[in-house]
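A quick write-up on the structure given underneath.
Just so it is clear, none of the values below were taken in a lab; they were calculated from the coordinates. In this text, all values refer to a predicted model and were calculated from it rather than measured experimentally. Backbone-built Cβ (ideal geometry, glycine too); neighbour counts: all protein chains shown.
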Amino acid sequence: MTPHARSLKWLGLIFTFLVLSFATGGREVNDSLGRMTSLLQIIAALGCAHILLCAMNYPKTVRRALFLWTMFIVVGVVLESTFPPFRDLSDAFRHAAFEGRFIYENDARDIQQYGFVRPKLFTREPAHVAMAFMTFAPGWYVLSPFRRRFVLLLICTFLVALFLGSPIVLLVPPLAWFLDRMLAQRAMSGVVAAGLPVLAIVGFTLTQVFSTRFANILSGKDGSFFVRFQGPYEVAIKTIEQFPILGVGVGHKEALYKEVQDVYTHYYQFNTSWVYHNYLYALNNAFANSLSYFGLVGAVVFYFLVAKWAKGFGIGPWVSLPVILLLLQFDGALEAIKMWGSIAVVLSAYAMARTASPRCPQPGGPSENSSAVRFHRPDGKN
């Protein structure tokens, strides 16, 4: 059986699990149409991710495309922050393309916290730009033979963090470094030990560069953080207390209304009216949502199957699960094609770098310096 065929077998088991989750939801709420829509969406999203993983077989072409998109983001956020006509073009496109629906409305908060209007770069909100950078930049990094690629990645990350005002982009260098170490076949214990100082540096940078934002988070005044992290996890805890085994069933957000109301109305920025009109969009953390949907046992089964699916493409669980769980933190829809597409791009880049031209330490050269690691061609010529 070919690797892709094995992966397809595990994908079929994931679909079977999702159908069972749909059929055995823990709470009776009459929302069959909404649940069926969510079920079909997550099946379609995983199917598209599978096709993308199968189709990405040209490392050089993919590397160039990811590099161009990364540069587009870097140059775009700088232009939108400093060149008003470009910002006007971006805003006009956003309102025309999305017809004014779910358009970012926190410019006043951004001016107060950052001193400028954050760029959206033709998307609905700055978080979408940050998510794209978290997808394209690590993918380019693991495929690139450029010896100073880490320096270039740090420069790009610094510019995006500075002009986009998004703390999460500072996670890009650690993610790229982690994938690079795993490509070099370092022992997991060594990767963890070496990674702790990297994460400490990132944590210190986050608290210093975004000190105002972190002060608001610690004081409980950051509504964006609440709906992306604190709120969804509190809802997940309340749901698991009632349905610890299989949760409320895949896509069953209607069944979470009581928990959402209990959690969100205790936060000073939200009242009962807001929760009633927005609760379907209040859970902006896909991993926390998966805990509510599947329960503890169901979530373990789901991510076990997903790890096995990725293993069919030659991607071990020590790589696939950290990537998946990290990206799930920054997207609210477990069933979104965009999110699973982002996961597929990062995993595909890793799989191509590992299979087509694995990165190995130079004989006799420094083994821990990623800038001293190059691609090796099968014929031995570089």
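General remarks:
- Modelled spin labels at L325 and T24, positioned 7 Å past Cα toward Cβ, are 2.4 nm from each other.
- At full extension, V297 and I155 could sit 46.9 nm farther apart than now, given 0.36 nm per residue minus the alpha carbon distance.
- Sites listed here are chymotrypsin sites (Phe, Trp or Tyr not before Pro) in region 227-281 whose DSSP assignment is loop and whose Cβ has at most 16 other Cβ atoms within 10 Å: Y268.
- Sparsely packed trypsin sites (Lys or Arg not before Pro) within region 88-132, loop by DSSP, other Cβ within 10 Å at most 16: R101, R124
- Translational D in µm²/s for region 3-354 (Stokes-Einstein at 4 °C, 1.567 mPa s, Kirkwood Rh from C-alpha pairs): 61
- Listed pairs K258/K338; K120/K338; K308/K338 exceeding 24 Å between Cα atoms: K258/K338
- Of K253/K311; K221/K253; K60/K311, pairs whose Cα-Cα distance is over 28 Å: K253/K311
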